[in-house]
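Below is one structure, written out as structure tokens, with a few remarks after it.
The values are calculated or read from the model by the stated rules, or taken from the named source; none is laboratory data. What you are looking at is a predicted structure, and each value in this text was computed from that prediction instead of being measured. Positions of Cβ are generated from backbone atoms using ideal geometry, with glycine treated the same way; all protein chains shown enter the neighbour counts.
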Amino acid sequence: MKKLLVLALLPAMAFAGCGKKQDGVIGISKIVSHPALDAVEKGIQDELKEQNVKVTFDLQNANGEVSTAASIAAKFKAENVVLAIGIATPTAQAIANTIKDVPVVFSAVTDPVSAGLVKKADMGYKNVTGVSDLTPVKAQIQFLSKVKPIKKLGLIYSSHEDNAVALAKLAQQACRELNIEIVETTIANSAEVKQAAQAIIPRVDAIYVSTDNTVISAIAAICDVAAKANIPVMSADPSSAETNGVLAAWGFDYYKIGRATGRMVKDLLDGKKPSDTAVRYMTDPSDIDLLINKDVARKLGLSFSPDIEKMAGKIVENGVLVKKGVK
């Protein structure tokens, strides 16, 4: 009887001991494919590969659909993944609501508290922790106003994304403090972005694009509409700005967010508890990335001051993207 009891307890003892929980499947779900979120996904994989973590990945894309994000979360649970990662708020919420028995890591989530992922901004909760991409919205708008004085700022955001709504509130507050009128409109999906841009473009001096995944995925449409009206676009996502007609983009290097997420995943696989793991915020100066597009500025009759050019890590000029420090 004692021998049987010991054998019965072995699985529970092994789970309680945790140790290195590798040699399994990590599920990664992103809400939509665009350069920033793709960079997060790659950064996670590169970091874990570099640290010689023995896992395989189940990479999933919800294509902007919350219902699909829920289905992916259920798939991960059925697969018994060793850990699940949600890139962006809707996918992180879907996974956290579905998976309770293994670590859940969010990445590129603006406000994890408002999203219901954690109880406190600085610490994980139960089996959930992660990395935030909360951006300095007011500073971004101030930057834009230095390049071109603005009285009316356009904002398009998706009403179904908690992170987008949170960023819209920050933009509204920033504009009040800066004495700028905000002209806003909401969209339900990326197909509505171009029409939304056309609706507000006659009434604004510039457009601000936050790290709203639905809007970012259609930023090319915004830039097309803005270019025809000679209106500048300021983005919080330098990754997608590299190949689009954005005047300037100031935000995070999302590949670095992915690498930071990968390091957190490694710690959790090695036995650290999510509830004991602090939520990571990208606050180091090296995490910030500034892109300026001198071609767009020239077309708009604008220019960048020498101090801005010095600060920029990426400059687009004569159709060529130059990354400082990269040959």
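Is it the case that some residue within region 114-134 is surrounded by fewer than 23 Cβ atoms within 10 Å (Cβ to Cβ), touching a His at 6+ places or on another chain (Cβ under 9 Å) and at pLDDT below 95? Checking region 114-134: not a single residue is surrounded by fewer than 23 Cβ atoms within 10 Å (Cβ to Cβ), touching a His at 6+ places or on another chain (Cβ under 9 Å) and at pLDDT below 95. Which one is nearest to the chain's Cα centre (by Cα) among residues in region 193-208 that are closer than 21 Å to ASP289 by Cβ and either crowded, with 24+ Cβ neighbours inside 10 Å or free of Cβ contacts under 8 Å to residues at least 40 places away in the same chain (or both)? Selected residue: TYR208.
Here THR277 passes the criteria (1) touching a helix residue (DSSP H, G or I) at 6+ places or on another chain (Cβ under 9 Å); (2) modelled with pLDDT under 95; (3) hydroxyl-bearing (Ser, Thr, Tyr) except the one numbered (2). Within region 170-191, if we keep just the residues that are surrounded by fewer than 19 Cβ atoms within 10 Å (Cβ to Cβ) and under 23 Å from the mean Cα position of the chain (by Cα), the residue that is farthest from ALA62 (Cα to Cα) turns out to be GLN173.
If I filter region 285-323 down to residues being surrounded by 10 or more Cβ atoms within 10 Å (Cβ to Cβ) and basic (Lys, Arg), which single residue comes out as modelled with the lowest pLDDT? Full working, then the answer.
Going residue by residue through region 285-323, those that are surrounded by 10 or more Cβ atoms within 10 Å (Cβ to Cβ) are 287-300, 302-305, 308-309, 311-317, 321-323.
If we keep only those that are basic (Lys, Arg) too, we end up with 294, 298-299, 314, 323.
Numbers: LYS294: 97, ARG298: 97, LYS299: 97, LYS314: 93, LYS323: 85.
It comes out as LYS323.
When restricted to residues that are of a type outside the set (Ser, Thr, Tyr), under 20 Å from LEU134 (Cα atoms) and without any contact (Cβ under 8 Å) to a residue 12 or more places away in the chain, region 280-327 contains 2.
Of all residues in region 224-243, those satisfying the criterion of being crowded, with 23+ Cβ neighbours inside 10 Å, out of contact with any Pro (no Cβ under 6 Å at 6 or more places or on another chain) and not aliphatic (A, V, I, L, M) are PRO232, SER235, ASP237, PRO238. Of all residues being touching an Asp or Glu at 6+ places or on another chain (Cβ under 7 Å) and not aliphatic (A, V, I, L, M) in region 86-104, which is surrounded by the fewest Cβ atoms within 10 Å (Cβ to Cβ)? Just the residue, please. Here the answer is THR89.
Only residues that are of a type in the set (A, V, I, L, M, F, W, C), touching a strand residue (DSSP E or B) at 6+ places or on another chain (Cβ under 7 Å) and within 30 Å of ALA84 (Cβ to Cβ): list them for region 122-164, please. Spell out the reasoning first.
Keep residues of region 122-164 that are of a type in the set (A, V, I, L, M, F, W, C), which gives 123, 128, 131, 134, 137, 139, 141, 143-144, 147, 150, 153, 155-156, 164.
Still in the list and also touching a strand residue (DSSP E or B) at 6+ places or on another chain (Cβ under 7 Å): 128, 131, 134, 141, 143-144, 147, 150, 153, 155-156, 164.
VAL128, VAL131, LEU134, ALA164, listed by residue number.
Residues that are among the aliphatic types (A, V, I, L, M) and either under 20 Å from SER132 (Cα atoms) or assigned to a strand (DSSP E or B) (or both) within region 239-261 comprise ALA248, ALA249, ILE257, ALA260, listed in sequence order. Please verify whether LYS256 is within 17 Å of the chain's Cα centre (by Cα) and surrounded by fewer than 23 Cβ atoms within 10 Å (Cβ to Cβ), treating the condition exactly as stated. The answer is yes for LYS256. For region 160-169, the condition holds for no residue, the condition being that it is touching a helix residue (DSSP H, G or I) at 6+ places or on another chain (Cβ under 9 Å), modelled with pLDDT of 95 or more and buried (at least 17 other Cβ atoms within 10 Å of the Cβ).
Just one of the listed residues (SER107, SER145) is buried (at least 24 other Cβ atoms within 10 Å of the Cβ), in contact (Cβ under 8 Å) with a residue 12 or more places away in the chain and closer than 30 Å to ALA206 by Cα, and it is SER107.
Modelled with pLDDT under 95, in a helix (DSSP H, G or I) and within 16 Å of the chain's Cα centre (by Cα) - does that describe any residue in region 216-238? The answer is yes, given that some residue of region 216-238 is modelled with pLDDT under 95, in a helix (DSSP H, G or I) and within 16 Å of the chain's Cα centre (by Cα).
Can you work out which of the residues in region 155-181 that are in a helix (DSSP H, G or I) and free of Cβ contacts under 8 Å to residues at least 12 places away in the same chain is nearest to ILE31 (Cα to Cα)? Steps first, answer last, please.
Taking region 155-181 as the starting set, the residues that turn out to be in a helix (DSSP H, G or I) are 162-177.
Those left that are additionally free of Cβ contacts under 8 Å to residues at least 12 places away in the same chain: 165, 169, 176.
Numbers: VAL165: 16, LYS169: 22, ARG176: 31 Å.
By that ranking, first place goes to VAL165.
Tally time: how many residues in region 41-72 are touching a residue at least 12 places away in the same chain (Cβ under 8 Å) and more than 20 Å from ASP23 (Cα to Cα)? Of the residues in that region, 8 qualify. Going through THR211, THR277 one at a time, which residue ends up being touching a residue at least 60 places away in the same chain (Cβ under 8 Å), among the hydroxyl-bearing types (Ser, Thr, Tyr) and in the same structural domain as LYS42 (by TED's automatic domain parsing)? Result: THR277 is the single residue among THR211, THR277 that is touching a residue at least 60 places away in the same chain (Cβ under 8 Å), among the hydroxyl-bearing types (Ser, Thr, Tyr) and in the same structural domain as LYS42 (by TED's automatic domain parsing).
Would you check which residues across region 61-85 are surrounded by 20 or more Cβ atoms within 10 Å (Cβ to Cβ) and of a type outside the set (Gly, Ala, Ser) and list them? Can you show your working first?
First pass over region 61-85, keeping only residues surrounded by 20 or more Cβ atoms within 10 Å (Cβ to Cβ): 61-62, 64, 69, 72-73, 76, 81, 83-85.
Hits for region 61-85 are ASN61, ILE72, PHE76, VAL81, LEU83, ILE85.
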